[in-house]
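This report refers to the structure that appears directly beneath it.
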Amino acid sequence: MDFQTSLLEPISPSVRQRRFLVLFLSTWPTDYLKRADPALAGPLALYEKIKGGLRIVAFDSEAAQAGIMLGQTLVNARALVPTLTAREINWPLLEAGFADFADWHSNASPMVAVLDDVSRFGDLVLDITGVDHLFGGERAMLRLLLTRLRLLGYSVTGAIAPTIGAAWAASHFLSSRVIEAEELVPLLNALPVSALRLNEQQVATLTQMGLKTIGQLRQRPRKPLQARFGLSLLTRLDQAYGLIEERMAPRLPVAEHHVERRFADPIGLMDDVLACAHDLAIQLAYRLEADGKGAQAFHLFLYRVDHKVMSLSVNSARVTRDPHHITQLFVHRAERLSGDYDAGFGIDMIRLAASSLDMLEPSQLGAFSGDDGTQDLDQLNDRMASRLGAMAVLRTQMVASHMPERSARLVPTQGGKPAVAAPRLFTRPVRLLPVPEYVAISAEVPDGLPALMIWRRQQYRLVKGAGPERLEEEWWRFAERLELVPPPEPKQPEPGEKLEPPPYIPELPLHEPDQKVRDYYRVEDEDGRRFWLFRLGFYGGPAMPTWYLHGFFS
């Protein structure tokens, strides 16, 4: 066996392979619109303006039986089928609807993706590796998915195979079936080349060359094919036979830990949903504890019988697996969204997933265990944020800056590191003004303590004071240059020596430190009110200094 032939040998059936299920909904756009609007009876076609003309881009099975074809002009289609109902296609609506339709199928497998290589919608792929036993086997699972979609009014075919390419090919060109590993090669060899998900130009060129089946294409040398068709053709060929792994991009994030419950009869009340969420939280806590982990994000997925999914997500400030706390987060979240809750025709499955996992060692509580109350405070913040919104519950976070207005900021209590008290190196006021306000100051001597302050047209006689505390502006925050020591004069080059270019000096304004220096004072008036003032500039400089009120002490 030569090297080229050995490359084209598929994976041995004895090797554990992944299993993929592909659903092909050939008339999904029209089926979706008919289900949304029962008044759309009879043949239905969707058209779009292409090259200055209105052409058919989608139609249902009744229109297909009447002879409607893709790319046909709307005028010819109406002449052929007088009872034809035509609607202009709404791509964003259909794409969003198919995305929700794909998410609903995560009740069968947590990994669901949309295959948009050939069409924007109509092809779904599910990774069912290790999942089919929940449905009684692969054939029972495929039969269940096809049956429930057909009962909803969708025309659908499906297939299960070891590769995504093989499952897609079988769902489009064969009847619904399950393909085992040993059946992969002879089945693909007999299919047409269009089953490789190639573009129209590649399929037309291969047909002109007399290569009508995949088996004929597989026997041709690879280098001439790559030179003429590019690497995409060989990639699709190798992916179909399992020589190259084709990765799918799941629409929903795959949770490492999740639990679910299916109902024989759909439920609809929010109280029943929350009761089930509490039971699932207990099961999830046991699984997380077995792995020594906790989570900070929890997601509750409610699968409705009318192929729609509702999701509720909550977050925790610290890693947790407490089922009571998790349930309370969803209770407060549900109270916030009670007006938007709609169970439709009922919910037949609920899934609880955990993400943002981290190690959480078990802790033993006893009579001598210390509790500083931070855990209770974090749980209170979690419940308030779940009910009011993450941006409604904030905390102060210290910033690496000595300027008062930049030394702290407000951030959500959830996420990030817990707040740590900053060391009290200097006395700071309890409350700062949003913007320092101008005040008029008089003193016995220019650089002495303030004696009288006028703020907002009201006089304050100051009897006590301390300071100054000097703060200089952070020059690196501004597009200014510092006055550096001038470089030495360049020496005359020796004969044959290369002259180095002079150092680059940016064209920026010069930083003037004296104009941005603040001298802060703590002062108290005769009624006991304490203020935080600062003077901007120096007496005797090019401009008179100005005074500002920045904050208040308790």
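The values are calculated or read from the model by the stated rules, or taken from the named source; none is laboratory data. On a predicted model such as this, the values are computed, not experimentally measured, just so you know. In this analysis, Cβ positions are derived from the backbone assuming ideal geometry, glycine residues included, and neighbour counts consider all displayed protein chains. For the accessible areas, the whole protein counts, side chains as well, though only heavy atoms, and no ligand, DNA or RNA atoms are used. Shrake-Rupley method; radii C 1.70, N 1.55, O 1.52, S 1.80 Å.
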query: Here are some residues: GLY97, GLY71, GLY52. Which one is at positive phi and open to solvent by less than 50 Å² (accessible area, probe 1.4 Å)?
result: GLY71
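Conditions tested, residue by residue: (1) of a type in the set (S, T, N, Q); (2) surrounded by fewer than 17 Cβ atoms within 10 Å (Cβ to Cβ); (3) at pLDDT below 90; (4) outside any loop (DSSP other than H, G, I, E, B).
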site: HIS307; (1), (2), (3), (4): no, no, yes, no
site: SER313; (1), (2), (3), (4): yes, yes, yes, yes
site: SER316; (1), (2), (3), (4): yes, no, yes, yes
site: HIS324; (1), (2), (3), (4): no, yes, no, yes
site: GLU335; (1), (2), (3), (4): no, yes, yes, yes
site: ASP342; (1), (2), (3), (4): no, yes, yes, no
site: PHE345; (1), (2), (3), (4): no, yes, yes, no
message: From the list SER171, SER232, exactly one residue is touching a Gly at 6+ places or on another chain (Cβ under 6 Å), touching a residue at least 24 places away in the same chain (Cβ under 8 Å) and either surrounded by 15 or more Cβ atoms within 10 Å (Cβ to Cβ) or of a type outside the set (D, E, K, R) (or both). Which is it?
response: SER171
Check on LEU432, at pLDDT 80 or above and more than 29 Å from LYS516 (Cα to Cα): no
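From the list LEU206, LEU188, LEU184, LEU198, pick out the single residue that is of a type in the set (A, V, I, L, M), farther than 30 Å from HIS258 by Cα and part of a loop (DSSP other than H, G, I, E, B). Step through it out loud before you land on a result.
Details: LEU206 fails: part of a loop (DSSP other than H, G, I, E, B); LEU188 fails: part of a loop (DSSP other than H, G, I, E, B); LEU184 fails: part of a loop (DSSP other than H, G, I, E, B).
Answer to the check: LEU198.
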statement: Of the residues in the stretch 448-462, those that are loosely packed, with under 12 Cβ neighbours inside 10 Å and either touching a residue at least 24 places away in the same chain (Cβ under 8 Å) or of a type in the set (A, V, I, L, M) (or both) number 1
- prompt: Any idea how many residues of the stretch 463-473 are closer than 30 Å to ALA400 by Cβ and surrounded by fewer than 16 Cβ atoms within 10 Å (Cβ to Cβ)?
  reply: 4
query: Does at least one position in the stretch 25-44 carry a residue that is buried (at least 23 other Cβ atoms within 10 Å of the Cβ), among the aliphatic types (A, V, I, L, M) and over 30 Å from ASP127 (Cβ atoms)?
result: yes
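For every residue, the table says whether it meets (1) in a helix (DSSP H, G or I); (2) at pLDDT below 90.
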residue: THR235; (1), (2): yes, no
residue: GLN239; (1), (2): yes, no
residue: PRO250; (1), (2): no, yes
residue: ARG262; (1), (2): no, no
residue: PRO266; (1), (2): no, no
residue: VAL273; (1), (2): yes, no
residue: HIS278; (1), (2): yes, no
residue: ALA281; (1), (2): yes, no
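Residues are listed down the side, and each one gets a yes or a no for (1) closer than 20 Å to SER106 by Cα; (2) among the small types (Gly, Ala, Ser); (3) without any contact (Cβ under 8 Å) to a residue 24 or more places away in the chain:
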| residue | (1), (2), (3) |
| --- | --- |
| ASP272 | no, no, yes |
| CYS276 | yes, no, no |
| ALA281 | yes, yes, no |
| LEU284 | yes, no, no |
| LEU302 | yes, no, no |
- request: Could you run through the stretch 74-89 and say how many residues are free of Cβ contacts under 8 Å to residues at least 24 places away in the same chain, surrounded by 14 or more Cβ atoms within 10 Å (Cβ to Cβ) and not in a helix (DSSP H, G or I)?
  value: 0
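Being in a loop (DSSP other than H, G, I, E, B) and either more than 54 Å from the chain's Cα centre (by Cα) or aliphatic (A, V, I, L, M) (or both) is the filter here, so list the residues in the stretch 437-473 that pass it.
Across the stretch 437-473, the qualifying residues are GLU444, VAL445, PRO446, ASP447, GLY448, LEU449.
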- line: The correct count of residues that are more than 24 Å from the chain's Cα centre (by Cα) and either surrounded by fewer than 20 Cβ atoms within 10 Å (Cβ to Cβ) or in a strand (DSSP E or B) (or both) in the stretch 120-150 is 17
task: Could you please tell me which pairs satisfy a Cβ distance under 6 Å, a separation of 6+ or placement on different chains, a first residue in the stretch 128-157 that is over 17 Å from LEU25 (Cβ atoms), and a second residue that is open to solvent by 30 Å² or more (accessible area, probe 1.4 Å) and in a loop (DSSP other than H, G, I, E, B)?
output: THR129/ARG18
- line: Among residues of the stretch 347-369 being at pLDDT below 75 and open to solvent by less than 80 Å² (accessible area, probe 1.4 Å), the residue farthest from ASP272 (Cα to Cα) is SER369
- prompt: Taking the stretch 200-221 as the region of interest, how many residues are in contact (Cβ under 8 Å) with a residue 24 or more places away in the chain and open to solvent by 40 Å² or more (accessible area, probe 1.4 Å)?
  reply: 2
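Residue-wise test of (1) modelled with pLDDT of 75 or more; (2) surrounded by 13 or more Cβ atoms within 10 Å (Cβ to Cβ).
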{"position": "ALA390", "(1), (2)": "yes, yes"}
{"position": "VAL393", "(1), (2)": "yes, yes"}
{"position": "ALA400", "(1), (2)": "yes, no"}
{"position": "VAL411", "(1), (2)": "yes, yes"}
{"position": "GLY415", "(1), (2)": "no, yes"}
{"position": "ALA419", "(1), (2)": "no, yes"}
{"position": "ARG424", "(1), (2)": "no, no"}
field: Matching residues, the stretch 60-73, being in contact with a helix residue (DSSP H, G or I) (Cβ under 9 Å, 6 or more places away or on another chain) and not in a helix (DSSP H, G or I)
entry: ASP60, ALA66, GLY67, ILE68, MET69, GLN72
- request: Please work out which one of (1) assigned to a helix (DSSP H, G or I); (2) open to solvent by 20 Å² or more (accessible area, probe 1.4 Å); (3) modelled with pLDDT of 90 or more; (4) of a type in the set (Ser, Thr, Tyr) is the condition TYR47 fails and give its number.
  value: (1)
query: (1) within 21 Å of MET359 (Cα to Cα); (2) open to solvent by 30 Å² or more (accessible area, probe 1.4 Å); (3) more than 23 Å from the chain's Cα centre (by Cα): which one isn't true of ALA281, the others all being true?
result: (2)
message: For the stretch 179-199, which positions are open to solvent by 10 Å² or more (accessible area, probe 1.4 Å) and under 34 Å from the mean Cα position of the chain (by Cα)?
response: ARG197, LEU198, ASN199
